[in-house]
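J.: Before I ask anything, here is the structure I am working with.
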Amino acid sequence: MPLPKSPFAASNSIPGNGEIVLALLPPGKQILQSCTYQYPLKLIAPDPHAVQGEKHVTIVFLLTYGGGLVGGDQINLKINLQDATRLVLVTQGSTKIFKSPTRTVVSKQILDVKIGARAALCYLPDPTQPFAESVYEQKQTFYVDPSGKSNLLMLDWVSEGRRARGESWTLWSWKGRNEVREFDERSRGRLLLRDAVMLHEDGLGTTGLVDKSDNLGIFGTLIVYGPLFEKLGGFLVQHFAQQPRLGAKNWTQNDRSHSDEADAIKKDADAQRQREHEDGLVWTAARVRGFVLVKFGAKEVDGARRWLGGLLKQEGTVETLFGHQALICLR
């Protein structure tokens, strides 16, 4: 007679794995069909909130136990946004990358997201914060519908570490790759956009990352794609085009026909440029194969937050379509 199966049998689940599935049920009710995770990954999903009076948006907080990843931790999260669903994916603080015991012990995060037609992902996390002698790799792949009706807003940024403890770009290695592909069940799909960043010591002890950073304590990438974010993308490109160029003359200095309203706008713009100068902000924006790609850097995280949060609030698309919680990392 066989022994009864133990209720404490070993789990066959894989550490760090997680899944989020959003579905739309008749007559248009959005539900979180699946939300599973295993240590060290943790997902928190509050009740969906309404925007624009009736459209519901699901928000999920992406967390790790202890607030970060220790050497060898691996996160593997799969997300499926079925047609016409909307997800806000955020964090509750910087993801810390703790010191690795050796250069060969790597902390990893893999994110695979399928975004259906008319579906939208607003992914605005806090920056990763690599500690001294940390080793980290991340790969984030977003599969969009071939119709071009998927929507994606994705922020990826990394800070210098713990400056108060003298850790400014003293990591061993940080590698990140973001890809956007057309969804295809038979293959990986046609590559639409790839953005990669590699930070590492040269190993020679001559020139470290802190010497190459040009006094930047944070830099990142913002990817904008899809019809829901078309207005936002255009705003960012236009705003960048209006920035003064090196050596350019301000031809409005001698124009006395300004109205009080125009003078007020100019005063606000000048004050904003002064803040950006004090924060050491540098940035660029360009249209690339149907995307708007923004690259930026600043002396400190707070300066980058003020700048990007100000732009997104001024334009308004994110708060209107996804609610104020989508901007939690930029407050």
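Rule-based calculations on the coordinates, nothing more; no lab input. It should be emphasised that the depicted structure is a prediction, and the values quoted were computed from it without experimental measurement. Backbone-built Cβ (ideal geometry, glycine too); neighbour counts: all protein chains shown.
J.: Who wins for biggest fluctuation among 93, 166, 68 in a Gaussian network model of the chain, springs between alpha carbons below 10 Å?
T.: 166
J.: Still on this structure, please answer the following. Neighbour counts of other C-beta atoms within 10 Å: give me 35, 122 arranged from fewest to most. The partial results should precede the final answer.
T.: Values: 35 15, 122 26.
Going from sparsest to densest Cβ surroundings: 35, 122.
J.: Same structure again: Using Cα centres only, tell me the gap between the range 168-183 and the range 63-129 in whole Å.
T.: 12 Å
J.: For residue 105 paired with residue 65, estimate the spin-label separation in nm (one decimal), with each label point 7 Å from Cα along the Cα-to-Cβ line.
T.: For residue 105 paired with residue 65, the spin-label model returns 1.7 nm.
J.: Let me ask you something else. When the convex hull of the Cα atoms of the chain is projected onto a plane and the area is averaged over all directions, what value comes out in nm²? Intermediate results must be reported in sequence, preceding the final value.
T.: Working: hull surface 95.8 nm².
Across all orientations, the chain yields a mean hull projection of 23.9 nm².
J.: What residue among 149, 313, 29 shows peak mean-square fluctuation when the chain is described by a Gaussian network model with Cα springs under 10 Å?
T.: Between 149, 313, 29, it is 29 that shows the largest mean-square fluctuation.
J.: For the pair residue 243/residue 50, report the inter-label distance in nm, with labels modelled 7 Å from Cα in the Cβ direction.
T.: Output for this residue pair reads 4.1 nm.
J.: What does the extension gain come out to for residue 295 and residue 164, with contour length at 0.36 nm per residue minus their alpha carbon separation? Don't skip to the end; give the middle numbers.
T.: On the way: separation 131, 0.36 × 131 = 47.16 nm, distance 2.58 nm.
That pair, residue 295 and residue 164, stretches by 44.6 nm at full extension.
J.: Which one, 43, 297, 327, projects farthest toward the positive side of the charge dipole computed for the chain from Cβ point charges (K/R +1, D/E -1)?
T.: 43
J.: Report the charge-dipole magnitude of the chain in Debye, nearest 20, computed about the Cα centre from +1 at each Lys and Arg Cβ and -1 at each Asp and Glu Cβ. Working shown, then result.
T.: Working: 41 positive and 36 negative charges, 114 e Å.
Its charge dipole is roughly 540 debye.
J.: Count charges around residue 131 for me, please; just the other residues with Cβ under 12 Å from its Cβ, Lys/Arg as +1, Asp/Glu as -1.
T.: Values: positive: 96, 99, 162, 163, 165; negative: 133, 160, 167.
Value of the local net charge: +2.
J.: Using DSSP loop states and a limit of at most 10 other Cβ atoms within 10 Å to flag GluC sites (Glu not before Pro), what is the longest stretch of the chain containing no flagged site? Before the final figure, lay out each step's value.
T.: On the way: sites that count: 54, 185.
Value returned for the longest uninterrupted segment is 186-331.
J.: So for the pair residue 215, residue 39, with labels modelled 7 Å out along Cα→Cβ, what separation do we get in nm?
T.: 4.6 nm
J.: With viscosity set to 1.002 mPa s at 20 °C, what whole-number translational diffusion coefficient in µm²/s follows for the range 92-197 from Stokes-Einstein and a Kirkwood radius over Cα pairs? Intermediate results must be reported in sequence, preceding the final value.
T.: Numbers: Rh = 15.2 Å.
This corresponds to a translational diffusion coefficient of 141 µm²/s.
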